[in-house]
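These notes are about the structure you will find just below.
The values are calculated or read from the model by the stated rules, or taken from the named source; none is laboratory data. This one's a predicted model, so the numbers in the text were calculated from it and none came from an experiment. Note: ideal-geometry Cβ built from the backbone for every residue, glycine included; neighbour counts use all protein chains shown. For accessibility, only protein heavy atoms count, side chains too; no ligands or nucleic acids. Shrake-Rupley method; radii C 1.70, N 1.55, O 1.52, S 1.80 Å.
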Amino acid sequence: MYLQVFVLPATPRVASGDQAIYLHHAMRMLDGQIIYRDYDHFTLPGTDVLYAALFRLFGVRAWLPQAMLILLGVVGVWLSIRISKALLPGGLPAKQILLPGFLFLTLPFSGYLDATHHWYSVLAGIAALAVAIERRSASRIAWAGALWGLATCFSQSMILGALGFSVFLLWEWRHNGESWSLLLKREGGLLGSFVAIVFAFNFYFLWKVGARRFLYYTVIFVAKYYSADRFNTWRVYLQERPSIHSWPNWADLAAWPFIHILIPWVYVVFVLYYLSTARSRPNLPWERLMLVNITGLSLFLTVASAPAYNRLYTVSLPGIILLVWFTNSSVWAGKLLSPILWTAVIVLGVAKPIVTQTRWKAVLDLPSGRTAFFQPAAYEKTKWLAERTHPSEYFFGDPLLCFELWLRNPTRVPFLRPTDYTRPEEARNVVESLESHQVRFVSWYRELDDPGGEGNHLGPLNLYLRDHYHVAETFANGDKIWERTE
């Protein structure tokens, strides 16, 4: 993992992707701003708070998100080992216990090296599974509910994970013929600890911004406008994949078919297997297996409305654990699949670090620290702006540049979309903020030039830019930097 997120000896790769949004938000929190009151976003504030705490401890440094990716990967493997030990027969060699975690690390996890809210929320949910996998005592159920509550503080869709665990407790109650009082006690412990954590974590923000504004961003906006972009709808399924035109991406191509074949179909296969086999093989750990299956299915449902490949990657660990269990539960499957899976682990475990260390790269010394870039256009854009700005200067249009160069965003939004995702009042706020703060530079990407349909609210902003700015630079990927003319 270190060799994939750091260039030797110790230069972190640029924190591109969705993680840049949360890194930028955390910087705003350090300045005393509050989510929903001073800036807009649709997730609960867990990721913003986490990065703000890390920045408070270590400073706004480029290495922090990459160090967190290493930690996330290690925690994911450790949790998979704990869960696999509870499922796989004790007589199996240790390598079979390690296989699910290593598959997860070398395929989906390293295929989406973006320390965003998805990874934090999912691993909190996997931790809940690990806590409850062996037995469901009152304390373990309460801990599981608390962990699902923590997961929901990063992404509100994780409420489905807590509901999935509740469904499992209902299935277990019926399966074991237990009393109603025991079921109610368990459900109360689960949901009580879940609600307590969610409420305690979010109370400060609810108090500061008010219930109406809090619910607008976390519920109403998501329901009405999140799906305005095609990549936030079910239509994104099977439509996007790592580019085959860049050889450094080739090592990531194996994860795409693997995960799309596996998720969610392995959960359907397990249910059919259980219905046909449970009576003839009562010695199998059905309760533990069912908990893994329901957890995995619940995690899939959290991203099912917009199942882009990277989101499927984040929820794949329970499915990988079930796949390895199926492999070891059948002699012929073990002989056929196990060598293939281990070969993939070894090849990718060697190839991916080599690709990272040998591919084209360029390094810049930035306010956030020395940073390695793998895309020439991103390097040129950052270099160009770094030579013309200073920390704390106002800038708008690219949250990654705000993080890297310690720039301040005067608007309520981290970026713009030519769809209903960017609301008319947000577009107006951008114009007003650019004017009131006399912002010198604005970043613009090619898609924003599309006139679009009735959902595009950027018309007034386009007119404002043309009246008060000029294009100072255009980069190879089509990105532009507008510079104030006045």
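Table for the structure above
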read-out: Candidate set: segment 50-72, residues that are over 13 Å from residue 13 (Cβ atoms), outside any helix (DSSP H, G or I) and in contact (Cβ under 8 Å) with a residue 24 or more places away in the chain; chosen: the one most open to solvent (accessible area, probe 1.4 Å); value: 61
read-out: Check on residue 459, at positive phi and either surrounded by fewer than 16 Cβ atoms within 10 Å (Cβ to Cβ) or at pLDDT below 95 (or both); value: no
read-out: Qualifying residue in segment 363-372 (condition: open to solvent by 20 Å² or more (accessible area, probe 1.4 Å), β-branched (Val, Ile, Thr) and over 24 Å from the mean Cα position of the chain (by Cα)); value: yes
read-out: Matching residues in segment 378-401 - criterion: being closer than 23 Å to residue 116 by Cα and either open to solvent by 20 Å² or more (accessible area, probe 1.4 Å) or free of Cβ contacts under 8 Å to residues at least 12 places away in the same chain (or both); value: 378, 379, 398, 400
read-out: Test: residue 327 is exposed (fewer than 13 other Cβ atoms within 10 Å of the Cβ) and among the hydroxyl-bearing types (Ser, Thr, Tyr); value: no
read-out: Any chance residue 484 is among the basic types (Lys, Arg) and under 31 Å from the mean Cα position of the chain (by Cα); value: no
read-out: Test: residue in segment 87-109 that is touching a helix residue (DSSP H, G or I) at 6+ places or on another chain (Cβ under 9 Å), at pLDDT 95 or above and within 30 Å of residue 433 (Cα to Cα); value: no
read-out: First in segment 425-442 and within 24 Å of residue 216 (Cβ to Cβ) and at pLDDT 95 or above, second anywhere and open to solvent by 80 Å² or more (accessible area, probe 1.4 Å) and in a helix (DSSP H, G or I), Cβ under 8 Å, 6 or more apart; value: 427/460; 428/460; 431/460
read-out: Members of segment 280-324 found to be under 25 Å from residue 175 (Cα atoms) and either charged (D, E, K, R) or surrounded by fewer than 18 Cβ atoms within 10 Å (Cβ to Cβ) (or both), listed by number; value: 280, 281, 282, 283, 284, 285, 286, 287, 288, 301
read-out: Leading residue by the ranking (most open to solvent (accessible area, probe 1.4 Å)) among those in segment 202-219 that are of a type in the set (Ser, Thr, Tyr) and within 16 Å of residue 48 (Cβ to Cβ); value: 204
read-out: Residue tally, condition open to solvent by less than 10 Å² (accessible area, probe 1.4 Å) and in a loop (DSSP other than H, G, I, E, B), over segment 1-30; value: 1
read-out: Qualifying residue in segment 402-422 (condition: out of contact with any strand residue (DSSP E or B) (no Cβ under 7 Å at 6 or more places or on another chain), part of a helix (DSSP H, G or I) and open to solvent by 20 Å² or more (accessible area, probe 1.4 Å)); value: no
